[in-house]
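Reviewing the structure listed below.
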Amino acid sequence: MNHKALFVGLTTIDIQYFIDQIPVVNTKIKTSIPDILVGGPATNAAVAFAYLNKMATLASPAGLNAFSSFIDQDLNSVGVEHFDLAYGQEFETILATVLTSKNGDRTIISHNPKQLESTIMPQKLIDLVNPQLLLVDGFYPEFSIECARICKERGIPVVSDCGSWKPQFHELFNYIDIAICSADFMPPNCTTQQELFDYMNSKNVKSIAISNGGSEIEYFSQGKKGSVSVPDVEVKDTLGAGDFLHGAFCYYFLDHNNFETALQKAAVLASFTCRFEGTRQWLNFNHNA
């Protein structure tokens, strides 16, 4: 059965180098030819959803630039239908340089996107897609907030990828049902996990999860605290693992309508992706095998 989820946010071009260890300053190293990948939080989440569901819908700006056809081909190849929010416009691609060491750790250098003037209005997008669930990653705040507001009014669950704090989350959380946070995500004046849970509760976020690499995922949902174990795997690369967790969660939440079950199953897939270099190799294998 195919589910229908809409992912709104960032699309990037990731240039990923695989090296023995992160270099010290003022050194020059040679390595193999880098992978050039289409990435970004909402984009990677859509890829994981499509892996499980055979299709996903992504709304992000790509626009006209040297990478336009590459982005189109890549998303089409992994089953992601793309609404280009910068269609027909000159648009600066977000580039990220990724250094991945032998133990799977990565360092990412990137830049923030420019302001978006979308070629499609949020109302029109939601009407066209008619999603069962929306995920936003916090980028392009005006567009994302309006999408979240419309979905909230229609009773469509809204999931937020909370990787790093952005000021727009103060307003966005008024429309969020489920927040999946990294261990580094802390709103202003929050320094502990409990303070994060309390802040989310004050915004009426129903369910909150905090991922922390290979450690247990802590959560608070419907008044209940708990944790979900993360499978132990031989890690080759962690790039995109958190994003894949979010996309898999969206699929399993629609499939089971249960927050904890969705987290458990998503953790299995996210760990599986860490066994492969890059963000596309794992798509060729069955994670349940």
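Taken together, the values in this text are just the output of simple stated rules run on the coordinates, not laboratory data. This is a predicted model, so every value here is computed, not measured. Reconstructed Cβ throughout: ideal geometry from the backbone, glycine too, with neighbour counts over all protein chains shown.
Cβ distances below 4.7 Å define possible disulfide partners, and in the chain the cysteines left without one are Cys147, Cys151, Cys190, Cys250, Cys274.
Only one of the listed values, [x] 6, 25, 30, 24, 12, 3, 0; [y] 6, 21, 25, 25, 16, 5, 1, 0; [z] 6, 30, 37, 22, 4, 0, was derived from the coordinates as P(r) over Cα pairs in 10 Å bins from 0, in percent; which label is it? Read-out from the structure maps to [z].
For the chain, what is the mean residue ellipticity at 222 nm derived from helices alone (per DSSP H run of n ≥ 4: -39500 (n - 2.57); sum divided by total residues; nearest 500 deg cm²/dmol)? Show your work: numbers first, answer last.
Values: 8 runs with 89 residues, N = 289.
Result for the chain, helices only: -9500 deg cm²/dmol.
Loop-located chymotrypsin sites (Phe, Trp or Tyr not before Pro) in the stretch 1-102 (DSSP state other than H, G, I, E, B) with a sparse environment of at most 16 neighbouring Cβ atoms within 10 Å: Tyr87.
Quick one: of Lys166/Lys236; Lys54/Lys225; Lys102/Lys166; Lys4/Lys152; Lys54/Lys102; Lys114/Lys206, which pairs are farther than 22 Å apart, Cα to Cα? Could the numbers behind the result be given before it?
Numbers: Lys166/Lys236 30 Å; Lys54/Lys225 33 Å; Lys102/Lys166 31 Å; Lys4/Lys152 16 Å; Lys54/Lys102 32 Å; Lys114/Lys206 32 Å.
With Cα atoms farther than 22 Å apart: Lys166/Lys236; Lys54/Lys225; Lys102/Lys166; Lys54/Lys102; Lys114/Lys206.
Can you give the % of DSSP beta bridges in the chain that are antiparallel, to the nearest 5? Of all bridge pairs located within the chain, approximately 35 percent are antiparallel.
Mind putting a number on the dipole of the stretch 231-289 about its Cα centre? Charges go on the C-beta only, +1 for Lys and Arg and -1 for Asp and Glu, and I need it in Debye to the nearest 20. Write out the running numbers ahead of the final one.
Numbers: 4 positive and 7 negative charges, 24 e Å.
It works out to roughly 120 debye.
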